[in-house]
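Engineer: Mind looking over this structure? Questions follow.
A short reminder: the numbers here are calculations on the coordinates, not readings from a lab. Just so you know, these numbers come straight off a predicted model, no measurement behind them. FYI the Cβ positions are ideal-geometry reconstructions off the backbone, even for glycines, and counts take in every protein chain you see.
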């Protein structure tokens, strides 16, 4: 079933075309950007625009931070905790990379 306003919509599009409203649009005549999965294209663009990164990237950043902290820490208890945390993050990085 067509949208109840389809005739109005089509009339407005024809009028805009006749008046040249679609002439010289940015990107006219150029191919659309390719997306691996068009269903996720909008979500991926929103994530990218807001600085989201894949999980393994954020985990890698956290691992780097822990390594720096380990170099600056002399306390044995803190070092042991940091090494355990680093080990867990390394495992999570591997899992995240395998998922995609």
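Engineer: At q = 0.15, 0.20 Å⁻¹, what base-10 log of I(q)/I(0) does the Debye formula yield for segment 51-100 when every alpha carbon is treated as an equal point scatterer in vacuo?
Structural biologist: The Cα Debye sum returns log10 ratios of -0.42, -0.66.
Engineer: Candidates [x] 196; [y] 124; [z] 216; which is the computed volume of the Cα convex hull per residue in Å³?
Structural biologist: It is the one labelled [x].
Engineer: Given labels modelled 7 Å from the Cα in the Cβ direction, how far is it in nm from residue 16 to residue 48?
Structural biologist: 2.5
Engineer: Work out how much length residue 23 to residue 99 would gain on full extension: take 0.36 nm times their residue separation and subtract the Cα-Cα distance, in nm to one decimal.
Structural biologist: 22.9 nm
Engineer: Between helix 6-18 and the chain, what is the angle of the helix's C-alpha long axis to the longest principal axis, kept within 0 to 90° and rounded to the nearest 10?
Structural biologist: 80
Engineer: Sticking with this one: Give me the distance in nm between label points sitting 7 Å out from Cα along the Cα-to-Cβ direction at residue 75 and residue 58, one decimal.
Structural biologist: 2.7
Engineer: Quick check: the angle from helix 55-72's long axis to the longest principal axis of the chain, C-alpha only, nearest 10 degrees?
Structural biologist: Relative to the chain, helix 55-72 is tipped by roughly 30 degrees.
Engineer: Show that you can apply the helix-only estimate: for the chain, add -39,500 (n - 2.57) for every DSSP H stretch of four or more residues, divide by all residues, and state [θ] at 222 nm to the nearest 500.
Structural biologist: Taken over the chain, the calculation gives -21000 deg cm²/dmol.
Engineer: If I fit a long axis through the Cα atoms of helix 76-99 and take the longest principal axis of the Cα atoms of the chain, what angle between them do I get, 0 to 90°, rounded to 10?
Structural biologist: Once rounded, one gets 30 degrees.
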